[in-house]
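If you scroll down you'll find the structure; I have some questions about it.
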Amino acid sequence: MAPTPWLDRFDPTIAAGFIAANDTSVGLSKHLGMELERYEPGFLRAGLDVRPDFLTPIGNLHGGTIAALVDHVLGCVLYPHMERGQWAATTEFKVNYLKPVTEGRLTAEATIVTMTRRSAVVRIDVTNADRLVAAAQGTCTIVDPKPTA
């Protein structure tokens with residue numbers, strides 16, 4: 001197995017802070033009701049409840065809801081492994097939609113595949129009622145903070 005030095009950099013304090021911040025989230029993650037549920041080294045589980053306003057006219061969950069959840073966990077899984085002040089910028093991701101969703105809760109499990117100081121690849125599986133409904137993979141660029149003058 002390849003070495004994974006980023007696993008050694010896992011900071012449980014940052015992970016706990018992200019979970020505690022669920023109540024104070026802002027923007028799209030708050031609007032959709034996303035909740036970060038559990039961090040472990042190289043892993044994050046998050047979820048959101050399917051609401052009627054997320055459904056298409058034919059009664060299925062809009063794929064954009066799943067894509068938003070994927071994008072959110074794609075970056076969030078990285079923060080406990082990054083240096084303070086760095087941030088993760090999604091470069092790209094691909095989602096395969098496997099089954100329709102009409103109700104219940106989505107659970108996204110993000111696993112870091114590889115991570116360097118400058119980039120990371122993350123795999124995300126999205127389930128609904130124990131059915132795999134989407135599989136995704138994406139890349140984030142890890143950005144250092146701008147130097148202060």
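The values are calculated or read from the model by the stated rules, or taken from the named source; none is laboratory data. The model shown is predicted, which means the values in this text are computed figures rather than measured ones. Every residue, glycine among them, receives a Cβ derived from its backbone with ideal geometry; neighbour counts consider all protein chains shown.
Quick one: is residue 66 part of a strand (DSSP E or B), surrounded by 16 or more Cβ atoms within 10 Å (Cβ to Cβ) and under 13 Å from the mean Cα position of the chain (by Cα)?
no
Do we find that residue 107 is free of Cβ contacts under 8 Å to residues at least 60 places away in the same chain and under 26 Å from residue 20 (Cα atoms) in this structure?
no
Select from the stretch 128-149 the residues that are within 22 Å of residue 95 (Cβ to Cβ), of a type in the set (S, T, N, Q) and either exposed (fewer than 10 other Cβ atoms within 10 Å of the Cβ) or touching a Ser or Thr at 6+ places or on another chain (Cβ under 7 Å) (or both) and list them in ascending order.
The answer is 139, 141.
Scan the stretch 1-25 for residues that are farther than 17 Å from residue 122 by Cβ and either among the β-branched types (Val, Ile, Thr) or modelled with pLDDT of 80 or more (or both) and jot them down.
8, 11, 12, 13, 16, 17, 19, 20, 21, 22, 24
Go through the residues of the stretch 30-37 one by one and say whether even a single one is part of a helix (DSSP H, G or I), at pLDDT below 95 and surrounded by 13 or more Cβ atoms within 10 Å (Cβ to Cβ).
The answer is yes; a qualifying residue exists.
Taking the condition of being without any contact (Cβ under 8 Å) to a residue 40 or more places away in the chain and not hydroxyl-bearing (Ser, Thr, Tyr), how many residues in the stretch 11-36 meet it?
So the answer is 15.
A further question follows. Against the condition at pLDDT 95 or above, surrounded by 13 or more Cβ atoms within 10 Å (Cβ to Cβ), within 18 Å of residue 46 (Cα to Cα) and in contact with a Ser or Thr (Cβ under 8 Å, 6 or more places away or on another chain), how does residue 105 come out, does it pass?
No; evaluated as a whole, the condition is false for this residue.
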